[in-house]
Amino acid sequence: MPAQVTSEPNSAKKRGWLRRIARWSLWTLLALLVFHRPLLHFAGRRVAIWFAAKEHMVLDFHLAGNLWNHLEARDVTIRADGKGPAPVDRLKLDRLAVDYDLWKAIHSDWTHVLHRVDVGALDGVITLQQAKNDGEPDQPFAEVFRKLLSNSLLPVEQVTIGRANLEVKDIAAITGLHVEFQQRKPGQIAWDKIHVAGLPDFGKASGEFTTDETSISIAKLPLFPQLIVRRLSLNRITPTMPRGGFEFLGEAGGGTAGLRVEPSLTVNALDVSVDVDAVRLNELAQPFGIELPAPATIESFHAKLSGAPEKIEESTADAGFVFRLEEKDSIPPAVIRGAAKWGKGVFRISELSAVTPGAELNVGGELNVPLPNFNPAKLSGEIAWKLTAPDLAALRLQGVPGIHGAVSGAGKLHLENGEAHTTGEVQTAKLSQG
């Protein structure tokens, strides 16, 4: 009878290996718990310095804290090494502290990972780099915008920026930036000065900064006495707000101006609306050093546009406005009204009129606009005009002797293959001067 082979020695060996693995795992975990601080402070610092060197920057800092819920970097300095393009030209930061929840990060609960971010005094210069082309086509802007609004907009419970002086080289700079907020509680944003290339400096200002799970908003922020931000917000897409979007409402030149940008509900596009009422352009132009030849007011301007920014030829839009010009020197008073639509490459002027005492001009028609590659030589269409001036004496032009009588006329302007042709007639009656 053959002898039976027992498996007990093999089982004992397996149990021995399992005990050894468990023992070594326990000792490894214990070593990590005991020595994680020095390991983190040394290895974390070396890894950060290595990554900075890959981007042609020299980085130095002191790291403190622990792996589980708090990290702090002190005396941070960054400078470009001159060996290639670097995103940061120079930077100094005395302190950056972050409180977080490692357990939630392990479980990918990114919305609730960060509890507090505290930035001390920062001074730096950033250089914008040209985007790297990885061969893949760029995502449509509307798709990028929708993805942004679908995620948590500011996944941190509390943020403090003590004082920051930050410059984007040759583009813009902000001095004395201070930000302080906590989720669902009123916060503050303030600065000493903002400089944007080609614009007058924005002086010292402060406003309300508020954020929660669904939105980020800035309110009651005076940029100039003539331009005040009532509300500027970015709203997340939620079941109760399926569109989300960007919204601006401000006081401008004694009136109001509003802008809203939303992702479309049906197609990969954006819906944009602009509303302006009672804005005195002379007041609005003062901070920019612009002097208009006569007082002018946008009594109303309302426009809506729907489409993809990359495919403007497929977009649709309609707009209407009323513009008032007051009399000054040689400029007569006038009211200009307009209404137009855009769709499938066709620009339709349903109303464009200019009315001044003693005269009225009306224009309307259609233009086929070659897009996306615009070429004036390929414009085509027809514009009709009509002039009525029954009382030329009512036209008051400084320096011009009075004209009496009447003028009327009508005609059309034809555009085709880069050529323009006009037809029409003008009639006068009892013209005299003096």
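The values are calculated or read from the model by the stated rules, or taken from the named source; none is laboratory data. Keep in mind that what you see is a predicted model, and the values were worked out from it rather than measured. Please note: Cβ atoms are built from the backbone with ideal geometry, for glycine as well, and neighbour counts cover all protein chains shown. These area figures cover heavy atoms from the full protein model, side chains too; ligands, DNA and RNA do not enter into them. Shrake-Rupley method; radii C 1.70, N 1.55, O 1.52, S 1.80 Å.
So I have (1) -0.28, -0.57, -1.11; (2) -0.47, -0.87, -1.38; (3) -0.25, -0.55, -1.05, and one of them is log10 I(q)/I(0) by the Debye sum over Cα atoms at q = 0.06, 0.09, 0.13 Å⁻¹ calculated from this model. Which one is it? The value computed from this structure is option (2).
Extension gain for Arg45 to Ala429 (0.36 nm times residue separation, less C-alpha to C-alpha distance): 129.3 nm. Between Leu395 and Trp103, the FRET efficiency from the beta-carbon distance, with R0 = 60 Å, is close to 0.15.
Using heavy atoms of the protein chains and a probe of 1.4 Å, the accessible area assigned to Glu326 is about 90 Å². With 0.36 nm allotted per residue and the present C-alpha distance subtracted, the His195-Ala285 stretch has 30.7 nm of extension available. Surface composition of region 306-349: carbon and sulfur make up 57 percent of the accessible area, probe 1.4 Å.
Remark: region 66-172 carries 64 Å² of accessible area per residue (probe radius 1.4 Å; ligands, DNA and RNA excluded).
Compared with the direct C-alpha span, the chain from Asn368 to Asn66 gains 102.2 nm at full extension, assuming 0.36 nm per residue.
Per-residue ellipticity at 222 nm for the chain, helices alone: DSSP H runs ≥ 4 residues times -39500 (n - 2.57), over residue total, nearest 500 deg cm²/dmol?
Values: 5 runs with 62 residues, N = 434.
Helix-only estimate at 222 nm: -4500 deg cm²/dmol.
Annotation for region 56-107 versus region 341-397: alpha-carbon center distance of 59 Å.
Can you tell me how region 50-165 classifies by the Cα gyration tensor, rounded, prolate or oblate, using a/c under 1.5 as the rounded cut? Here region 50-165 falls in the oblate category.
Provide the per residue accessible area, probe 1.4 Å, for region 202-276, rounded to a whole number of square angstrom.
Result: 47 Å² of accessible area for each residue.
Between Arg74 and Thr256, take the C-beta separation as r, use R0 = 60 Å, and let me know the FRET efficiency to the nearest 0.05.
0.80
Taking only protein heavy atoms and a 1.4 Å probe, the accessible area of region 210-296 is 63% carbon and sulfur. For region 212-277, the set of trypsin sites (Lys or Arg not before Pro) satisfying both a DSSP loop assignment and a count of at most 16 other C-beta atoms within 10 Å is given as Arg243.
Volume per residue for region 159-252 equals 113 cubic angstrom (convex hull of Cα atoms). Candidate cross-link partners of Lys204 among the lysines, defined by an alpha-carbon separation under 26 Å and a same-chain spacing of 8 or more, comprise Lys92, Lys169, Lys185, Lys193, Lys220. Semi-axes of the equivalent ellipsoid for region 266-306, computed as √(5λ) from the eigenvalues of its C-alpha gyration tensor and ordered from largest down, come to 30, 12, 7 Å. What do you get for the angle between helix 141-150 and the principal long axis of the chain? Use alpha-carbon atoms, 0 to 90 degrees, nearest ten. On a 0 to 90 degree scale, this one is about 50.
Modelled this way, with points 7 Å down the Cα-to-C-beta line, the labels at Ala172 and Val346 are 4.0 nm from one another.
What number of lysine-lysine pairs in region 230-383 show an alpha-carbon separation below 26 angstrom, given a sequence spacing of 8 or more or placement on distinct chains?
Pairs that pass both the separation and distance tests number 7.
When you restrict to C-alpha pairs under 8 Å that are six or more residues apart and normalise by the size of the chain, the relative contact order lands at 6 percent.
Using a probe of 1.4 angstrom and keeping all protein chains present, the accessible surface of region 369-422 works out to 64 square angstrom per residue. How large a share of the accessible area of region 87-166, in percent, is made up of carbon and sulfur atoms when the probe is 1.4 Å and the other protein chains stay in place? Whole-percent figure for carbon plus sulfur exposure: 59. Amide H contacts for Arg243 (H built 1.01 Å from N in the peptide plane; partners 5 or more residues away or on another chain; cut-off under 5 Å): Thr238. Relative to the longest principal axis of the Cα atoms of the chain, the long axis of helix 45-54 lies at roughly 40 degrees.
Estimate the FRET efficiency between Glu55 and Asn417 by the formula 1/(1 + (r/R0)^6), using the beta-carbon distance for r and 45 Å for R0, to the nearest 0.05. The computed FRET efficiency comes out at 0.25. Counting only residues at least eight positions apart within a chain, or on another chain, the lysines with an alpha carbon under 17 Å from that of Lys83 are Lys54.
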